[in-house]
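To start, the structure under review is shown below, and the notes come after it.
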Amino acid sequence: MKRYLYILYILFFTFVLVSPSFALLPWFGTRHRIGCLIPLDDNNKTISLSVLKGLSLGMEVLNENTSLSLYVYNTASDPFYACQQLERMIKDGCKVGVALLGKKTAQAVIKKAQEFHFPLIIMSPEENVSLGNSVYIDFVTPRIQMENLVHFAIRTLGQSSFVVLYPQNNYGYQYAFLFSNLVVQNGGKLQEVIGYPPNTADFGRFIKRIIGSKVAEAKPELLLLKPPSFSFDAIFIPDTPLISTFIISQFAYYNARNLIFLGTSLWAEKGFAQKVKNYCQAVYYPIGFTSKAFQPWVESFIEKYKNTFQTLPNYLSAQAYEIGRILVYLAKVANLKMEEASIYIQNFPGVTGITTFLPNGKIKKRIWIVESKRGRKTIFLAPEF
């Protein structure tokens, strides 16, 4: 049976790639039609296939008892063509759309969907768009990452005072702004907020400003009996694993080896935790999906995905699977009326986090926090907030 399902999926995905403008899983009686708007150009096929695998598995499209069928529309990564495909999706009778979109395409498609009052769930990190009117973004956005990290640091770790050390680029500005605002909103204190040029090679002057010249210039043997203490609890660095490793190692060079560092999901890169394990007390970072999560619904998804596709899922396939499960649930309890999603999708056990749909089109999501102490990882589900 497993082999039979695997062959059916392979045939379907092969058909999508050969004729990517439109594809259908049409079997087994009357169903709600779900449209999937996705880029299937050569540069995005691998990513898009991960999404299609997760979405089709979550929707149970090969289960004869399901009420959903899946139609696929290629956006070609072009905003104008994507809007044309959205209109085609609507004319084909799709009841809800699911879309994987970049920033410019997301803005155009959302506007068009709202014009037609067409319900849409979007996978995109872009939240600076006008949502609502049954248009939702279900994705681990920068806002969601920082909400979970800050609440974990304050409520679980008991931290209250922070230093922000960020690169002066778009990524650094965005995450430093989100983190700093959330710390203040949740009763924490910002000890320092320091930006550095992206091409910085020597962080000595920034480190001395943070830990003080007395510690930075002390002889290491004098600090063995009494390690230095600081007026802050953790340092947040929203930068790449490569640059973050270099910064953390420089803190150690300046006698500050007992610090706690916080980062973004970029730190989930393989090998990062091992590289910094001798330079600090611990690192913490948020993650939207991990195969190490202990929740039974996550373990069940991983097993099902692996058995079906002979490979492990990634974040995008997990996110798509979660949306598929949400659609199945809404079809059961609300006849797939997306205007009622904010009523029924409350603390939904998603594989990318405990998910709640809000009336404004955004979501509230409790995701996972990775702790690495001396290279040993522990996975936590962020606290309620």
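The values are calculated or read from the model by the stated rules, or taken from the named source; none is laboratory data. In this text the structure is predicted, and so the values were computed from the model without any measurement. Cβ atoms come from the backbone with ideal geometry, glycine included; neighbour counts cover every protein chain shown.
Which ones in segment 264-301 are part of a loop (DSSP other than H, G, I, E, B) and either among the acidic types (Asp, Glu) or more than 17 Å from the chain's Cα centre (by Cα) (or both)?
269, 271, 277, 278, 279, 280, 281, 294, 295, listed by residue number.
Taken together, the residues in segment 314-326 that are assigned to a helix (DSSP H, G or I) and out of contact with any Leu (no Cβ under 6 Å at 6 or more places or on another chain) amount to 9.
Counting only residues that are buried (at least 22 other Cβ atoms within 10 Å of the Cβ), more than 17 Å from the chain's Cα centre (by Cα) and more than 23 Å from residue 342 (Cα to Cα), segment 302-329 holds 1 of them. Residue 71 meets each of the listed conditions (1) over 23 Å from residue 289 (Cβ atoms); (2) surrounded by 17 or more Cβ atoms within 10 Å (Cβ to Cβ); (3) modelled with pLDDT under 90 apart from (3). The single condition among (1) outside any helix (DSSP H, G or I); (2) touching a Pro at 6+ places or on another chain (Cβ under 9 Å); (3) free of Cβ contacts under 8 Å to residues at least 24 places away in the same chain; (4) not aromatic (Phe, Trp, Tyr) that residue 306 does not satisfy is (1). Screening segment 102-220 for strands (runs of 3 or more DSSP E) wholly inside it with 1 or more residues that are under 23 Å from residue 359 (Cα atoms) and of a type outside the set (S, T, N, Q) returns the ranges 120-123, 135-137. Out of segment 339-348, which residues are in contact with a strand residue (DSSP E or B) (Cβ under 6 Å, 6 or more places away or on another chain) and either modelled with pLDDT under 95 or under 15 Å from residue 66 (Cβ atoms) (or both)? Matches in segment 339-348: 341, 342. Looking across segment 349-385, just one residue is in a loop (DSSP other than H, G, I, E, B), surrounded by fewer than 21 Cβ atoms within 10 Å (Cβ to Cβ) and either at pLDDT 95 or above or in contact with a Phe, Trp or Tyr (Cβ under 7 Å, 6 or more places away or on another chain) (or both), and that is 383. Every condition in (1) of a type outside the set (Phe, Trp, Tyr); (2) modelled with pLDDT under 75; (3) surrounded by fewer than 20 Cβ atoms within 10 Å (Cβ to Cβ) is met by residue 16 except one, and the failing one is (3). Kindly check whether there is at least one residue in segment 282-303 that is modelled with pLDDT under 90, touching a helix residue (DSSP H, G or I) at 6+ places or on another chain (Cβ under 6 Å) and farther than 16 Å from residue 59 by Cα. Yes, there is a match, as at least one residue in segment 282-303 is modelled with pLDDT under 90, touching a helix residue (DSSP H, G or I) at 6+ places or on another chain (Cβ under 6 Å) and farther than 16 Å from residue 59 by Cα.
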